[in-house]
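To keep things clear, I will list the structure first and then write my remarks on it.
The values are calculated or read from the model by the stated rules, or taken from the named source; none is laboratory data. All values reported here derive from a predicted model rather than from experimental measurement. Note that each Cβ is placed from the backbone with ideal geometry, even for glycine, and that neighbours are counted across all protein chains shown. Remember, those area values only see protein heavy atoms, side chains included, never the ligands or the DNA or RNA. Shrake-Rupley method; radii C 1.70, N 1.55, O 1.52, S 1.80 Å.
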Amino acid sequence: MYLATERLRLGRFTGGDVELLLELDSDLEVMRFLTGQATPRDEVEDVVLPEILKVYAEHPQLGTFKAEDADGFVGWFGIQPTADPRTVGVGYRLQRTAWGKGYATEGTRALIAHAFAELGMERVEADTMAVNHRSRAVMRRSGLRFEKVYHEHFDDPLPGTEFGEVLYAVDRATWEAGAHE
């Protein structure tokens with residue numbers, strides 16, 4: 001197990017977890033602010049899962065972690081390397097049945113605390129589409145602070161892309177001062 005919260009257990013995915021990822025990425029509402037479409041099986045098998053396993057190999061303390069509650073799989077939480085070795089990015093993807101239960105905030109807070117207390121990071125950041133108000137609320141509740149809006153070019157933009165992406169972050173000093181509570 002990588003990390004546990006009051007209600008969640010986070011652990012590594014294995015090569016046998018294709019069906020879990022496929023089920024999660026097949027829900028169009030889950031994928032609404034990501035790709036807007038289901039992830040094809042061959043992409044999960046040949047790209048998504050191998051990338052997850054590669055991060056474990058290259059960054060043993062980081063990665064995308066399977067999230068389970070008392071009833072089983074609810075999605076994943078990620079704590080990813082960035083260009084700055086003192087900064088990690090956090091994120092999550094949850095099944096719709098897990099929405100509205102506080103899991104996103106609970107898991108994200110745990111990852112942020114882990115990044116500072118156990119991994120010695122200096123900064124944690126997260127991003128989403130500006131129009132993804134539910135994820136933005138999770139970021140705020142998790143202790144991340146709005147930093148900026150930025151625009152990226154997409155060949156096949158999703159509705160709302162014209163409003164940009166948003167970056168939220170918190171640094172170690174702010175976290176340790178308790179400003180995240």
With the condition being of a type in the set (Asp, Glu), I'd like the strands (runs of 3 or more DSSP E) fully within region 81-181 carrying at least 1 qualifying residues.
123-129, 145-150, 165-171
Listed residues THR128, THR97, THR108, THR87; which is out of contact with any strand residue (DSSP E or B) (no Cβ under 7 Å at 6 or more places or on another chain) and on the phi < 0 side of the Ramachandran plot?
THR97
Taking the condition of being hydrophobic (A, V, I, L, M, F, W, C) and open to solvent by 40 Å² or more (accessible area, probe 1.4 Å), how many residues in region 132-148 meet it?
1
The lone condition MET129 fails out of (1) modelled with pLDDT of 95 or more; (2) touching a Ser or Thr at 6+ places or on another chain (Cβ under 8 Å) is (1)
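Taking region 51-71 as the search range and keeping residues that are open to solvent by 20 Å² or more (accessible area, probe 1.4 Å) and part of a strand (DSSP E or B), which one is farthest from ARG7 (Cα to Cα)?
Step one: list which residues in region 51-71 are open to solvent by 20 Å² or more (accessible area, probe 1.4 Å), which gives 51, 53-55, 57-61, 66, 68, 70-71.
Imposing the further condition that a residue be part of a strand (DSSP E or B) reduces the set to 66, 68.
Working: LYS66: 13, GLU68: 8 Å.
In this case the residue turns out to be LYS66.
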Out of (1) touching a residue at least 40 places away in the same chain (Cβ under 8 Å); (2) open to solvent by less than 40 Å² (accessible area, probe 1.4 Å); (3) among the aliphatic types (A, V, I, L, M), the odd one out for VAL88 is which?
(1)
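So which of GLU122, GLU162, GLU152 is open to solvent by 20 Å² or more (accessible area, probe 1.4 Å), closer than 19 Å to THR82 by Cβ and modelled with pLDDT under 95? Full working, then the answer.
Details: GLU122 fails: modelled with pLDDT under 95; GLU162 fails: closer than 19 Å to THR82 by Cβ.
Answer to the selection: GLU152.
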Pairs please, first residue from region 140-151 and farther than 15 Å from MET129 by Cα, second anywhere and modelled with pLDDT of 95 or more and open to solvent by 100 Å² or more (accessible area, probe 1.4 Å), Cβ atoms under 9 Å, 6+ apart in sequence or on different chains.
ARG141/ARG109; SER142/ARG109; GLY143/ARG109
I need a count of the residues in region 5-22 that are in contact with a strand residue (DSSP E or B) (Cβ under 7 Å, 6 or more places away or on another chain) and either hydrophobic (A, V, I, L, M, F, W, C) or within 18 Å of GLU118 (Cα to Cα) (or both).
7
Of the residues in region 26-50, those that are open to solvent by less than 40 Å² (accessible area, probe 1.4 Å) and free of Cβ contacts under 8 Å to residues at least 24 places away in the same chain number 2
